[in-house]
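Here's the structure we're looking at; comments come further down.
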Ligand SMILES: NC(=O)c1ccc[n+]([C@@H]2O[C@H](COP(=O)([O-])OP(=O)(O)OC[C@H]3O[C@@H](n4cnc5c(N)ncnc54)[C@H](OP(=O)(O)O)[C@@H]3O)[C@@H](O)[C@H]2O)c1
């Protein structure tokens, strides 16, 4: 059973059929401390063998390094993989360690050419706006993205961390195949507005950080234990007293995991999948890992079914989480709703 391929789901109404779980590739080059390139490459290959076909990157992950790292893997398997990348987080003109949000037309045009070059492909399968620049009308941004589709540079459009209102406005300009937002046992804010809107419009949800950036697997207990420069050291919910309080919230996950003979992370992934089916919404979560054994474990979670009592045990967790998922929530849909 371990080696059988995972089920599939469609991205939007007209988008491609992909494995029901994708792979987040960000940490192979960025954000979560040092990576072993050989191990990351083995993870990509193992994922594909398991039927994971949606690979998630962004131009901001390591200032283009992540796209370049993935390019040879994509080249070797171009017909089997669905490549998702993003624009919208630009390097700050005065401080290269900082980012600013940009959605203006010249910037998008420059980004798409740079991503195509780094990825070494003729077209990007799914092109996301990574973050919303509230100073640029969204309809204008999506109109430019739609031009990229007409020009053959991009096949399908996605948006990340948009509100339900923004999603509706965008979808009226051009069909949106996918919305990528944080969704996990610890982050359920999108269930109020974004999830119902996506369901109504036929947009597939791509939950990012479904493992709570690793915290829900129990693989780290507090961000201070992680290497210097690890992005999670800045995240309010994983630091100081918040992390201590939040670690106690893993107990019900542990109970359910023991009953299934499963790992904690597998229960977190099974929960997202099942929560989406309660909403009647197709989803393709993109857990991130750089280890082949973990991609196997994560893919196997697509076959775990949680019982009603187990779901009830997990239900109260999110409301008890201490600390926000970002320092500045205005960058998220919840911060603008
Ligand atoms: N749109 C956005 O704004 C946005 C924001 C954040 C992330 N993303 C995307 O979403 C993807 C996933 O999110 P994420 O990486 O932030 O968080 P995540 O998937 O919730 O968790 C990733 C972390 O969990 C660890 N992990 C993965 N599988 C594990 C397992 N089976 N057992 C124990 N630990 C495990 C990983 O470590 P190892 O890597 O060492 O295995 C990594 O530290 C990213 O790669 C990126 O592509 C998008």
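Yes/no per residue for (1) under 23 Å from residue 291 (Cα atoms); (2) at pLDDT below 95; (3) within 15 Å of the chain's Cα centre (by Cα):
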site: 172; (1), (2), (3): no, no, no
site: 204; (1), (2), (3): no, no, yes
site: 217; (1), (2), (3): yes, no, no
site: 221; (1), (2), (3): yes, yes, no
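Which residue out of 244, 179, 154 is free of Cβ contacts under 8 Å to residues at least 60 places away in the same chain and within 16 Å of the chain's Cα centre (by Cα)?
Working: 244 fails: within 16 Å of the chain's Cα centre (by Cα); 154 fails: within 16 Å of the chain's Cα centre (by Cα).
Testing whether each residue is free of Cβ contacts under 8 Å to residues at least 60 places away in the same chain and within 16 Å of the chain's Cα centre (by Cα) leaves just 179.
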Does residue 125 fit the bill of being on the phi < 0 side of the Ramachandran plot and assigned to a loop (DSSP other than H, G, I, E, B)?
-> no
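Please list, ordered by residue number, the helices (runs of 4 or more DSSP H) wholly in segment 271-337 having 2 or more residues that are at pLDDT 95 or above and closer than 25 Å to residue 11 by Cα.
Working: elements: 292-300, 308-314, 333-336.
Those helices (runs of 4 or more DSSP H) span 292-300.
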Going through segment 74-121 one residue at a time, which ones are within 26 Å of residue 43 (Cβ to Cβ) and part of a helix (DSSP H, G or I)?
-> 74, 75, 76, 114, 115, 116, 117, 118, 119
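Please specify each residue of segment 1-26 satisfying the condition of being in a loop (DSSP other than H, G, I, E, B), surrounded by 20 or more Cβ atoms within 10 Å (Cβ to Cβ) and within 16 Å of the ligand (Cβ to nearest atom). It would help to see each step written out before you state the result.
Narrowing segment 1-26 to residues in a loop (DSSP other than H, G, I, E, B): 1-7, 11-16, 20-22, 25.
Those still in the list that are surrounded by 20 or more Cβ atoms within 10 Å (Cβ to Cβ) too: 6, 11-12, 15, 20-22, 25.
Those that are in a loop (DSSP other than H, G, I, E, B), surrounded by 20 or more Cβ atoms within 10 Å (Cβ to Cβ) and within 16 Å of the ligand (Cβ to nearest atom): 6, 11, 20, 21, 22, 25.
Which ones in segment 61-73 are touching a residue at least 40 places away in the same chain (Cβ under 8 Å) and either surrounded by 20 or more Cβ atoms within 10 Å (Cβ to Cβ) or part of a loop (DSSP other than H, G, I, E, B) (or both)?
Residues of segment 61-73 that are touching a residue at least 40 places away in the same chain (Cβ under 8 Å), as a first pass: 64, 66-71.
Of everything in segment 61-73, those that are touching a residue at least 40 places away in the same chain (Cβ under 8 Å) and either surrounded by 20 or more Cβ atoms within 10 Å (Cβ to Cβ) or part of a loop (DSSP other than H, G, I, E, B) (or both) turn out to be 64, 66, 67, 69, 70.
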With (1) within 13 Å of the ligand (Cβ to nearest atom); (2) assigned to a helix (DSSP H, G or I); (3) out of contact with any strand residue (DSSP E or B) (no Cβ under 7 Å at 6 or more places or on another chain); (4) touching a residue at least 40 places away in the same chain (Cβ under 8 Å) as the list, and residue 216 as the residue in question, which single condition is left unmet?
-> (3)
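Scan segment 27-48 and tell me whether some residue there is in a loop (DSSP other than H, G, I, E, B), more than 14 Å from the ligand (Cβ to nearest atom) and surrounded by 20 or more Cβ atoms within 10 Å (Cβ to Cβ). Walk me through how you get there before you give the answer.
The first filter runs over segment 27-48 and keeps only residues in a loop (DSSP other than H, G, I, E, B), leaving 29-36.
Those left that are additionally more than 14 Å from the ligand (Cβ to nearest atom): none.
The answer is no, given that none of the residues of segment 27-48 is in a loop (DSSP other than H, G, I, E, B), more than 14 Å from the ligand (Cβ to nearest atom) and surrounded by 20 or more Cβ atoms within 10 Å (Cβ to Cβ).
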Can you name the condition, by its number, that residue 258 falls short on among (1) surrounded by fewer than 16 Cβ atoms within 10 Å (Cβ to Cβ); (2) in contact (Cβ under 8 Å) with a residue 40 or more places away in the chain?
-> (2)
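Please work out if residue 136 is touching a helix residue (DSSP H, G or I) at 6+ places or on another chain (Cβ under 9 Å) and either assigned to a helix (DSSP H, G or I) or touching a residue at least 40 places away in the same chain (Cβ under 8 Å) (or both). Talk me through it step by step, then tell me what you get.
Values: touching a helix residue (DSSP H, G or I) at 6+ places or on another chain (Cβ under 9 Å): yes; either assigned to a helix (DSSP H, G or I) or touching a residue at least 40 places away in the same chain (Cβ under 8 Å) (or both): no.
For residue 136, the condition - touching a helix residue (DSSP H, G or I) at 6+ places or on another chain (Cβ under 9 Å) and either assigned to a helix (DSSP H, G or I) or touching a residue at least 40 places away in the same chain (Cβ under 8 Å) (or both) - is not met.
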Qualifying positions in segment 184-198 - more than 10 Å from the ligand (Cβ to nearest atom) and within 18 Å of the chain's Cα centre (by Cα) = 185, 188, 189, 190, 191, 194, 195, 198
Which condition breaks for residue 252 when tested against (1) in contact with a helix residue (DSSP H, G or I) (Cβ under 6 Å, 6 or more places away or on another chain); (2) within 16 Å of the ligand (Cβ to nearest atom)?
-> (2)
With respect to residue 273, is the statement that it is closer than 26 Å to residue 46 by Cα, crowded, with 19+ Cβ neighbours inside 10 Å and free of Cβ contacts under 8 Å to residues at least 40 places away in the same chain true?
-> no
Report yes if residue 89 is modelled with pLDDT of 95 or more and within 10 Å of the ligand (Cβ to nearest atom), otherwise no.
-> yes
Residue in segment 49-58 that is surrounded by the most Cβ atoms within 10 Å (Cβ to Cβ), counting only those that are more than 12 Å from the ligand (Cβ to nearest atom) and without any contact (Cβ under 8 Å) to a residue 60 or more places away in the chain | 53
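The values are calculated or read from the model by the stated rules, or taken from the named source; none is laboratory data. Worth saying up front: this structure is predicted, and the values here are computed from it rather than measured. Neighbour counts are summed over all protein chains in view; Cβ atoms, including those assigned to glycine, are modelled from backbone coordinates with ideal geometry.
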